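Participant: Starting off with a structure, shown below.
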Amino acid sequence: MPCKNDQIFLRALAGESTARKPVWVMRQAGRYLPEYRAIRKNYPNFLDFIYASEAAAEVTVQPVERFGMDAAILFSDILVLLPPMGVPLRFEEGRGPVVDKPVRDMEAVDSLLPVNVDSHFAPIGKTIALVLKRLQGLTPLLGFAGGPFTVASYMVEGGSSKELRNIKKLMFQDGRAYCALMDRLTAATYEYLFYQAEQGCSALVMMDSWAGYLSPEDYRQWVFPYTKMVLDRLRSNIRLPIIHYANGAGSLLPQICSAGFDGVGLDWRVNFGQTLAAWPQQVFQGNLDPSVLYASPETIRSRTHSLLAELGDRPHIMNLGHGVYPDTPIAGIEAFVDAIKG
Ligand code: CP3
């Protein structure tokens, strides 16, 4: 179904002022929603859930139907690239993603498999088709992938990590293996994002969540060139708008904003006003602290209104500074969305 370009999300992303700001929330399809939990309980294995197209399509549209979000985001995960690359992955309750055989040397990088998106991701293509049918061209669907560095960090660390010590060790002790891994992930990330665009997504998000763990200098040398390669390859092959998100990456913004992304996600640690002033032409997304949604509706409303006041007419995509927490009260999301929609 062709996407209507009068959707305020796409207009804001294109740099147009809109009568009100569009809003969506990272991880909007998730455990804080009872209707999500009701479906989630049928799939003990999280990856099975992602590949169950009907169920994945259902949870993708849930937050659009409940809150009237201005964008849907495909229900999937940045780590779906691992199994097709030959890196088994499981999600453990309370622990998150686990890679039992982390990739930590050249031999492991050499044994990674190339991703064939058409055969590996057919169920995700089917989910996209089902979601597009449900959205009827009224709400854009966002496809997404991790940034190559963030996905690499899970492969090398073996799961979530506090310090990213193993991937940094690889970087500094065996730069050749690190770069070979990043080359593989750059190719796979491009292919996967291109696939989602081809299947009908209206915009793409690259989530390089852990890039903020690097110094600006290391980011410039070890991460940005790969991010930029994915972006530039997408630019030469598709016309969709592309958003970048990284957490804790305020000091990397000079680099990220130089890349040419249509939108750049901000977390709550940045000074919002100063950031807007420093990059007057960049469309940003964010940046309410997700924990503000634990506050009273009045506090949420006033925090949201402060952001809107700083923005004035400037195009912007309202969102949180990171994904919504699983124990967020529904009333918190409602107050946030209501403050924007008025
Ligand atoms: O609603 C949406 O945003 C769409 C779906 C989505 C998920 N993960 C579903 C998910 C998206 C966009 C992601 C992105 C993602 N996944 C990121 C980047 C954004 C960010 O949050 O920084 C990262 C780093 C991951 C990796 C990942 N997936 C982790 C670390 C975990 C475990 C932590 C946790 O929250 O449990 C996941 C699991 C996951 N992915 C869940 C969901 C809804 C929770 C699993 C469940 O329902 O049991």
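The values are calculated or read from the model by the stated rules, or taken from the named source; none is laboratory data. All of these numbers come straight from a predicted model, not from anything done at the bench. Note that each Cβ is placed from the backbone with ideal geometry, even for glycine, and that neighbours are counted across all protein chains shown. Surface areas here come from the heavy atoms of the whole protein model, side chains and all, with no ligands, DNA or RNA. Shrake-Rupley method; radii C 1.70, N 1.55, O 1.52, S 1.80 Å.
Participant: Hey, among the residues in the range 66-108 that are touching a Lys or Arg at 6+ places or on another chain (Cβ under 9 Å) and of a type in the set (D, E, K, R), which one's farthest from TYR325 (Cα to Cα)?
Facilitator: Here the answer is ARG104.
Participant: Please pick out the residue among VAL25, VAL59 that is within 24 Å of GLU92 (Cβ to Cβ), within 9 Å of the ligand (Cβ to nearest atom) and open to solvent by less than 10 Å² (accessible area, probe 1.4 Å).
Facilitator: Numbers: VAL25 fails: within 24 Å of GLU92 (Cβ to Cβ).
The match here is VAL59.
Participant: Next question. Is the range 292-311 home to any residue that is at pLDDT below 95 and open to solvent by 40 Å² or more (accessible area, probe 1.4 Å)? Explain how you work it out, then say what you get.
Facilitator: Of the range 292-311, the ones at pLDDT below 95 are none.
No, because not a single residue in the range 292-311 is at pLDDT below 95 and open to solvent by 40 Å² or more (accessible area, probe 1.4 Å).
Participant: All but one of (1) open to solvent by 20 Å² or more (accessible area, probe 1.4 Å); (2) more than 16 Å from the ligand (Cβ to nearest atom) hold for PHE272; state the number of the condition that does not hold.
Facilitator: (1) is the only condition that PHE272 fails.
Participant: Mind checking which pairs have a first residue in the range 66-82 that is more than 21 Å from ILE39 (Cβ to Cβ) and a second that is within 11 Å of the ligand (Cβ to nearest atom), Cβ under 7 Å, 6 or more apart or different chains?
Facilitator: ASP70/TRP24; LEU81/VAL151; LEU82/LEU89
Participant: So, ILE78, is that one within 14 Å of the ligand (Cβ to nearest atom) and either polar (S, T, N, Q) or farther than 19 Å from ASN45 by Cβ (or both) or not?
Facilitator: Numbers: within 14 Å of the ligand (Cβ to nearest atom): yes; either polar (S, T, N, Q) or farther than 19 Å from ASN45 by Cβ (or both): no.
Judged against the criteria, ILE78 is not a match.
Participant: CYS179 fails exactly one of the following numbered conditions: (1) open to solvent by 10 Å² or more (accessible area, probe 1.4 Å); (2) more than 16 Å from GLU107 (Cα to Cα). What is the number of that condition?
Facilitator: Result: CYS179 passes all but (2).
Participant: Continuing with the same structure: Scan the range 218-246 for residues that are closer than 20 Å to THR275 by Cα and surrounded by fewer than 21 Cβ atoms within 10 Å (Cβ to Cβ) and jot them down.
Facilitator: Listed by number, the list holds a single entry, ARG220.
Participant: Test TYR51 against the criterion of being open to solvent by 30 Å² or more (accessible area, probe 1.4 Å), within 20 Å of the chain's Cα centre (by Cα), of a type in the set (Phe, Trp, Tyr) and more than 9 Å from the ligand (Cβ to nearest atom), and give yes or no. Before the answer, list the steps.
Facilitator: Numbers: open to solvent by 30 Å² or more (accessible area, probe 1.4 Å): yes; within 20 Å of the chain's Cα centre (by Cα): yes; of a type in the set (Phe, Trp, Tyr): yes; more than 9 Å from the ligand (Cβ to nearest atom): yes.
Answer is yes for this residue.
Participant: I need the full set of residues from the range 35-48 which are touching a residue at least 24 places away in the same chain (Cβ under 8 Å) and open to solvent by 60 Å² or more (accessible area, probe 1.4 Å), in order please.
Facilitator: Here is the first cut: in the range 35-48, the residues touching a residue at least 24 places away in the same chain (Cβ under 8 Å) are 35-36, 45-47.
Within the range 35-48, ASN45 is the sole residue that qualifies.
Participant: Oh, and also: Mind checking which residues of the range 62-79 are crowded, with 20+ Cβ neighbours inside 10 Å and farther than 23 Å from ALA335 by Cβ?
Facilitator: Restricting attention to the range 62-79, the residues satisfying the condition of being crowded, with 20+ Cβ neighbours inside 10 Å are 62-64, 67, 69-76, 78-79.
Once the filter is applied, which keeps residues that are crowded, with 20+ Cβ neighbours inside 10 Å and farther than 23 Å from ALA335 by Cβ, the range 62-79 yields LEU74, PHE75, SER76, ILE78, LEU79.
Participant: Among strands (runs of 3 or more DSSP E) lying entirely in the range 84-165, which contain 2 or more residues that are open to solvent by 10 Å² or more (accessible area, probe 1.4 Å)?
Facilitator: 90-92, 96-98
Participant: Keeping to the range 282-336, report how many residues are charged (D, E, K, R) and not in a helix (DSSP H, G or I).
Facilitator: So the first thing to find is which residues in the range 282-336 are charged (D, E, K, R), and the list is 289, 298, 301, 303, 310, 313-314, 327, 334.
Okay, now just the ones that are also not in a helix (DSSP H, G or I), so 289, 313-314, 327.
Of the residues in the range 282-336, 4 are charged (D, E, K, R) and not in a helix (DSSP H, G or I).
Participant: Let me spell it out: the conditions are (1) in contact with a helix residue (DSSP H, G or I) (Cβ under 7 Å, 6 or more places away or on another chain); (2) crowded, with 18+ Cβ neighbours inside 10 Å, and LEU10 meets all of them except one. Which number is the exception?
Facilitator: If we test LEU10 against (1) in contact with a helix residue (DSSP H, G or I) (Cβ under 7 Å, 6 or more places away or on another chain); (2) crowded, with 18+ Cβ neighbours inside 10 Å, just (1) comes out false.
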